[in-house]
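K.L.:
Before I ask anything, let me first share the structure, which is written out below as C-alpha cells.
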Amino acid sequence: MNVLVLNSGSSSLKFQIIATDMERIQQYKDDRICRGEVEGIGGEAIVHAQYRNEPNRTMTAPLRDMSATLDYLVRYIASDRSGISEIKSTADIHAVGHRVVHGGERFTESALINDDVLKGIEDCIDLAPLHNPNNIRAIQSAREIFGKDVPQVAVFDTAFHHSIPEQASLYAIPYHLYRRHRIRRYGFHGTSHRYVAFRYRALRGLTREQTNIITLHLGNGCSAAAIKGGNSIDTSMGMTPLEGLVMGTRSGDLDPAIVSVIARKEGMSASEVDTLLNTQSGLLGISGLTNDMRELQAELKEHDDRRVRLAIEIFCYRARKYIGAYLAAMGGADAIVFTGGIGENSADVRARICSGMEWAGLQIDDAKNNETIGREGLISNEKSKLLAYAIPTDEELLIARDTVRVIKGEPHPS
Ligand code: ADP
C-alpha cells in the first residue's frame, strides 16, 4: 500500500510516500519512495522533492493554498519528469496519513477519518488554533483530490500522552477551569516519543511493558517524556507546546506572573506576550543571535560569546532538571533516549545534559557519543547503570504504519 504522509504547517507542507503493509511492518521492510517539503504556500512557493536516494530537486510554483499545493504535488509525483516510477497516477496512492497536532481528550489513538472524526478535529481548534486548521485544510484538500474512497487516517501528536495520570495532567488552578475549558496538560511530539520508545525496545529485545525510559526530543521544539511500562506517564509540554524545555524560539517553563509583568511594563496585550514567548524567546531570546543550535555551537567555538554560552547552558540545564524530575516521578528508569535534530546530531549537547549525573548511575562514553551522529546507538559506557541512547526519530514512518493498521482494523499498535 502506497501511503502519502502529510505534515501541514501554516505555510508549509512536508510529505513522504511510504510503501508499507502488515507484512512489511512485521519484517521492517517499509519502503520510502519519495519525500519533500513545500515552503511559502500562499505565494511563490518553493518545492523540494527527492526520489529515493537521488539528488534533491527544487522547483518554484505559485501555490495559493493547501488545495493547490497538494494538487501540484500529486501531479508532479505522477508525472514522468519526477522519475518516480511507482506512482503513475493518483490511483497509485492508496491511503493518506496525516499528522494532526491536537486530538484533545477524545482521540487517544489514530483514527480513520470520516465526517465525525473531522468534526472532532475541528472541536480541538480551540486548543490548537495555530495548528489544527492547517491539518483540517490538508484533510479536506486530500478528499477533493483523491475522493472519499481513498482512506485517510489522522495520527495525533497528543494521543501517546493520553495515559498520563491526573496527578501529572492537571494544573493546580480552580478545577472548574479544567471542566469548563479543558485546561490541562495534553503533551505533544507523541508520535516521536512513541517511535523512539519502540526502537529502543527493539534494539534491546524488550517488551513494551519492560520499557522504562526518559525520551528527550530536542529539535526546534523540544519535549521530554517519562515512559513507564511503555506508557507516557508525564511530559514537559502542556496544554500548548510552550511549556517545559527551552526551545529554539519558545521559553518553556517560566513563572506565570511574568506574563502580566511583561504586558504591563512593555505595554503589550496578552496575545502579544504569548507571541513573544513563542517566537522571540528560547535560544534566540537568550543569545540574541539565532534559534539554531548548530549556529550557536559554531559561534561559541569561534568567539566564546557570553550570551551564546548562556543560551546553551540554560538549554542543557533545563533538560537535565527534567531528567532528574522524571527519574523521581518514575522511581528510576533504565535509559535516556535522545532524538530530534539536536538530540540526534549534537554530541556536545548530549554530553552537557548528562554531565554530573553519575549520582544517577549515568556515565557517557565520550568516544561512542562523538561517533553516534545521525544514527542509532548506545552512548553510555559499560559501567553506566542508567543507559543513554541516540535514536533518530521517524514520525512519518509511524504515521504510514498507523495508517495501514487503522485501515486494516488491526489492534492499536503499542
Ligand atoms: P524540527 O523540530 O523543526 O523538526 P529538527 O528536529 O530538524 O527540527 O531540529 C532542528 C535543530 O537541530 C536546529 O536547532 C539545528 O541547529 C539542530 N541541529 C541539527 N544538526 C545539528 C548538529 N550537527 N549540531 C547541533 N545542532 C544541530
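K.L.:
I need the Debye-formula profile for the chain: one equal scatterer per C-alpha, no solvent, reported as log10 I(q)/I(0) at q = 0.12 1/Å, two decimals.
P.N.:
Calculated log10 I(q)/I(0) at the listed q: -1.04.
K.L.:
Still on this model: Let me know the charge dipole size of the stretch 216-339 about its Cα centre in debye, to the nearest 20, where only the beta-carbon of Lys, Arg (+1) and Asp, Glu (-1) is charged. Please list the in-between numbers first.
P.N.:
Working: 12 positive and 15 negative charges, 43 e Å.
Taking the Cα centre of the stretch 216-339 as origin, the dipole is about 200 debye.
K.L.:
How much net charge surrounds I262 when only the other residues with a Cβ under 13 Å from the Cβ of I262 are counted, with Lys and Arg +1 and Asp and Glu -1? Write out the running numbers ahead of the final one.
P.N.:
Numbers: positive: R264, K265; negative: D255, E266, E272, D274.
Residues near I262 contribute -2 overall.
K.L.:
Also, quick follow-up: Have a look at the stretch 84-230 and give its Rg and Dmax from the Cα atoms, expressed in angstrom.
P.N.:
Cα radius of gyration and Dmax of the stretch 84-230 are 17.5, 58 Å respectively.
K.L.:
Could you rank the peptides 198-207, 79-88 by their average count of other C-beta atoms within 10 Å per residue, with the highest value first?
P.N.:
Values: 198-207: 15.2, 79-88: 13.6.
Taking the mean over residues of other Cβ atoms within 10 Å, the ranking is 198-207, 79-88.
K.L.:
Continuing with the same structure: Run the simple label-point estimate for R64 and K383 please: 7 Å along Cα→C-beta, distance reported in nm.
P.N.:
Label at R64, label at K383, 6.8 nm between them.
K.L.:
Ok, one more. Net charge near R320: determine it from the other residues with C-beta under 15 Å of the C-beta of R320, scoring Lys and Arg +1 and Asp and Glu -1. Kindly include the intermediate steps, with their values, before the conclusion.
P.N.:
Values: positive: R318, K321, R350, R352; negative: D253, E313, D348, E358.
Here the count lands on 0.
K.L.:
On to the next question. What distance in nm separates the simple spin-label points at S79 and T108, each placed 7 Å from Cα in the Cβ direction?
P.N.:
4.7 nm
K.L.:
Once you keep just the Cα pairs under 8 angstrom separated by 6 or more residues, what percentage relative contact order results for the stretch 130-287? Don't jump to the answer; show the numbers that get you there.
P.N.:
Values: 224 pairs, mean separation 27.0, N = 158.
So the answer I get is 17 percent.
K.L.:
Same structure, new question: If the cut-off is 17 Å between C-alpha atoms, which aspartates and glutamates fall inside it for K301, apart from same-chain ones fewer than 8 positions away?
P.N.:
Answer for K301, where 17 Å is the Cα cut-off: D292, E313, D348, listed by chain and number.
K.L.:
Go through 159-166, 112-119 and give me the packing order, highest mean Cβ count within 10 Å leading.
P.N.:
On the way: 159-166: 19.6, 112-119: 13.6.
Put in order of decreasing packing, that is 159-166, 112-119.
K.L.:
Throw me the Rg/Rh for the stretch 1-61, computed over C-alpha atoms with Kirkwood Rh, two decimals.
P.N.:
Taking Rg over the Kirkwood Rh, I get 1.08.
K.L.:
Can you check what the net charge comes to around T58, using other residues whose Cβ is under 11 Å from the Cβ of T58 (Lys, Arg +1; Asp, Glu -1)?
P.N.:
Computed value for this residue: -1.
K.L.:
Report the one residue of G267, N134, I93 whose Cα lies farthest in the direction of the positive end of the charge dipole of the chain (charges on C-beta: Lys and Arg +1, Asp and Glu -1; origin at the Cα centre).
P.N.:
G267
K.L.:
By per-residue mean of other Cβ atoms within 10 Å, what is the highest-first order of 11-24, 338-351, 214-227? Don't jump to the answer; show the numbers that get you there.
P.N.:
Working: 11-24: 18.9, 338-351: 22.5, 214-227: 26.5.
Averaged packing, sorted descending, gives the order 214-227, 338-351, 11-24.
K.L.:
Let me ask something else about it. Roughly how big is the chain's charge dipole about its Cα centre, with Cβ charges of +1 (Lys, Arg) and -1 (Asp, Glu), in debye to the nearest 20? Each step should come with its number before you reach the end.
P.N.:
Working: 48 positive and 53 negative charges, 112 e Å.
So the dipole magnitude of the chain works out to roughly 540 debye.
K.L.:
How far is the Cα center of the stretch 299-329 from the Cα center of the stretch 343-414, in Å?
P.N.:
19 Å
K.L.:
Between A270 and H412, what is the spin-label point distance in nm, taking each point 7 Å from the Cα along the Cα→C-beta axis?
P.N.:
Here the modelled spin labels are 3.3 nm apart.
K.L.:
Tell me the angle of helix 306-330 to the major Cα principal axis of the chain, expressed in degrees between 0 and 90 and rounded to the nearest ten.
P.N.:
Taking the Cα atoms of the chain, the angle to 306-330 is about 90 degrees.
K.L.:
Across the stretch 317-414, how many lysine pairs, 8 or more apart or on two chains, come within less than 29 Å at their alpha-carbon atoms? Don't skip to the end; give the middle numbers.
P.N.:
Details: K321/K368; K321/K383; K321/K385; K368/K383; K368/K385.
Eligible lysine pairs with Cα atoms under 29 Å apart amount to 5.
K.L.:
Rank the residues H48, H189 as a footprinting-exposure proxy: fewest other Cβ atoms within 10 Å of their Cβ go first. It would help to have the intermediate numbers written out before the result.
P.N.:
Numbers: H48 14, H189 28.
Ranking H48, H189 by Cβ neighbours within 10 Å, fewest first, gives H48, H189.
K.L.:
Starting at 0 and stepping by 5 Å, how many percent of the alpha carbon pairs of the stretch 311-414 end up in each bin?
P.N.:
2, 12, 20, 19, 16, 11, 9, 6, 3, 1
K.L.:
What is the gain in length, in nm to one decimal, between K29 and N56 on full extension, counting 0.36 nm per residue of separation less the C-alpha to C-alpha distance? Spell out each step's value before the answer.
P.N.:
Numbers: separation 27, 0.36 × 27 = 9.72 nm, distance 2.33 nm.
Extending this stretch completely gives an extra 7.4 nm.
Only the coordinates and a few stated rules stand behind these numbers; no lab work does. Everything quoted here is computed from the prediction, not taken from an experiment. Every residue, glycine as well, gets a Cβ built from its backbone with ideal geometry; the counts of neighbours run over all protein chains shown.
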